[in-house]
There are 2 protein chains.
Amino acid sequence: MSGQNPEQLCDTLDDSSHRSARQRERDALIIAAATAEFAAAGFENARLEDIAQRAGVAKGTLYLYYADKAALFKAAVRSLIQPALARLQERVMLADGSAVDLLRESLRQIYREMTTDGARRELVRLLIADGRRFPDLGDFYHDEVIAKGTATFRMILWRGIATGEFRHTPAEEFPHLLLAPCIALSNWKLMFGDRHPLDVERYVEAHLQFVLGAIAASPTVAAIDSLPATSPAPTPGSAV
Amino acid sequence: MSGQNPEQLCDTLDDSSHRSARQRERDALIIAAATAEFAAAGFENARLEDIAQRAGVAKGTLYLYYADKAALFKAAVRSLIQPALARLQERVMLADGSAVDLLRESLRQIYREMTTDGARRELVRLLIADGRRFPDLGDFYHDEVIAKGTATFRMILWRGIATGEFRHTPAEEFPHLLLAPCIALSNWKLMFGDRHPLDVERYVEAHLQFVLGAIAASPTVAAIDSLPATSPAPTPGSAV
DNA sequence: AGACAAAATGACTTGACAGTCATTTTTAAC
DNA sequence: GTTAAAAATGACTGTCAAGTCATTTTGTCT
């Protein structure tokens, strides 16, 4: 009860400073293998034997690098979270075009990242499925991705308000509202895979047009570069 | 490979028609206990012994009602999905007020259901976490909740367009856009629990105002009954 | 090359839990 | 009240995977 839990303080066993090149190389292999297996099977169903085999290493070797399965899981998930937002933030910082274009491109980039890397796409599943067991991973994700992403989109909004492109909306307080359709699509994919296809191209454009309609200062701004043919009365059920 | 998988065809062992009152009663107890345990621990970590104990029944008894753990899981999840949308659909069918009010109340009701029942709130977690292992559950959820919900909100939109309250927007094709902030909040709760609090009251009202701003025919419609004090330039970081 | 240390291995131990089934208890029928 | 069938029980078995550690392999220094 009193005192500290040493497992919490030290996930990796060695201080990573004094390590041979071979060791750092193997660590990378192990993390890559663990990432793949955990993403494919989740925490419970992933087998350390499989991870070891995929990394080209014996099971016992894993324990030279990580204290136990949980430590390996945390390290693997952290490695997925780490580099998530770098490019987006950079782009927004040194953007010079219109805020409308900036917002469009930022959202499109998020969709792009969502649909490319397989393991990255499974990150959210891991955080939801096993998040209660590893709350510090959720906190890390919050600080590294959510908080920074929220701040970034708020900056885009302010820029657009300054240039007269956007009006004041509740999205200033909750930029989540701009990003929610991305999250909804992510959930759709996680729940249904490809069993209930959705026209992602159209969905993305619909999202952009909808959001711009909600925040644009004048209706005309939102209309530029919208869907080639946005049927005013679509066939019912076409989106399901 | 050829032939059929009998386990898939028959989840419950008995045809539920010829059953004593005592048996139906016990079945209900078992499902309730299973629901609670699965919601609390997920499929892998839930222990049949605990479910049995919670239901006041021996472990072996479970196997008189369900073929195995997977069958019990499916039955439990289905029982959560089943009654989800009844009230919402009913209300929309016999609504007579303005479409704006109808949309507002419908969304508020979804938030209300999200925040009341504990097991129901965990449903999405189960579907995401263990969905790949039980795709038929995901399909069932899609047909019973998503498809019907989508259709219902599309009806609300059309009603509003007919009365001149709403304009044509991409939300007609993808009503998901209206609901996405609900899903985003759900994910927030699933990932962070109460570790990163969000002012849900304000969030809900922000959502309503934002969405109405996106679809209202004239700006004035959206403004009615909005937040008491929607600060145009909120303190940065106030929403995290 | 030899000798010592560090790293890696994988057969083994351990614990946990899904599923079984011989036995006991309950219900219903006469 | 007796008896037969149905329902319920929980000790037991088999399996599977996390974690250990005595042994082997690899690397380094003289």
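Go over the candidates B:Ala52, B:Ala41, B:Ala46, B:Ala76 one by one and state the one that is within 8 Å of DNA strand C (Cβ to nearest atom) and under 25 Å from A:Arg133 (Cα atoms).
When all the criteria are applied, what remains is B:Ala46.
Looking only at the stretch A:161-183, how many residues end up being assigned to a loop (DSSP other than H, G, I, E, B) and closer than 28 Å to A:Leu198 by Cβ?
Filtering the stretch A:161-183 for residues assigned to a loop (DSSP other than H, G, I, E, B) gives A:163-165, A:167-169, A:173-175.
Within this subset, residues satisfying the condition of being closer than 28 Å to A:Leu198 by Cβ are A:169, A:174-175.
Summing the residues that are assigned to a loop (DSSP other than H, G, I, E, B) and closer than 28 Å to A:Leu198 by Cβ in the stretch A:161-183 gives 3.
Among the residues of the stretch A:63-85, is any closer than 19 Å to A:Phe140 by Cβ, over 17 Å from the mean Cα position of the chain (by Cα), within 16 Å of DNA strand D (Cβ to nearest atom) and modelled with pLDDT under 95?
No, because not a single residue in the stretch A:63-85 is closer than 19 Å to A:Phe140 by Cβ, over 17 Å from the mean Cα position of the chain (by Cα), within 16 Å of DNA strand D (Cβ to nearest atom) and modelled with pLDDT under 95.
Counting just the residues of the stretch A:38-57 that are more than 14 Å from every other protein chain (Cβ to nearest Cβ) and open to solvent by less than 60 Å² (accessible area, probe 1.4 Å), which one comes out nearest to DNA strand D (Cβ to nearest atom)?
Filtering first and then ranking leaves A:Leu48.
State whether one or more residues within the stretch B:23-34 are farther than 28 Å from B:Arg121 by Cβ and modelled with pLDDT of 80 or more.
Yes: one or more hits.
B:Thr152 fails exactly one of the following numbered conditions: (1) in the same structural domain as B:Glu201 (by TED's automatic domain parsing); (2) touching a helix residue (DSSP H, G or I) at 6+ places or on another chain (Cβ under 6 Å); (3) closer than 26 Å to A:Glu44 by Cα; (4) of a type outside the set (Asp, Glu). What is the number of that condition?
(3)
Can you tell me which residue among A:Trp158, A:Trp188 is open to solvent by 10 Å² or more (accessible area, probe 1.4 Å), modelled with pLDDT of 95 or more, facing chain B (nearest Cβ under 10 Å) and within 19 Å of the chain's Cα centre (by Cα)?
That would be A:Trp188, the only listed residue that is open to solvent by 10 Å² or more (accessible area, probe 1.4 Å), modelled with pLDDT of 95 or more, facing chain B (nearest Cβ under 10 Å) and within 19 Å of the chain's Cα centre (by Cα).
State whether one or more residues within the stretch A:92-114 are open to solvent by 20 Å² or more (accessible area, probe 1.4 Å), within 16 Å of DNA strand D (Cβ to nearest atom), modelled with pLDDT of 95 or more and not polar (S, T, N, Q).
no
For the stretch A:115-148, what are the residues that are in a loop (DSSP other than H, G, I, E, B) and open to solvent by 50 Å² or more (accessible area, probe 1.4 Å)?
Filtering the stretch A:115-148 down to residues in a loop (DSSP other than H, G, I, E, B) leaves A:116-117, A:130-134.
Across the stretch A:115-148, the qualifying residues are A:Thr116, A:Asp117, A:Arg132, A:Arg133.
The values are calculated or read from the model by the stated rules, or taken from the named source; none is laboratory data. The structure presented is a predicted model; accordingly, all values stated were derived computationally and were not measured. Because the Cβ atoms are built from the backbone with ideal geometry, glycine has one as well, and the counts that use them run over all protein chains shown. What goes into the accessible areas is simple: the full protein's heavy atoms, side chains included, and nothing from ligands, DNA or RNA. Shrake-Rupley method; radii C 1.70, N 1.55, O 1.52, S 1.80 Å.
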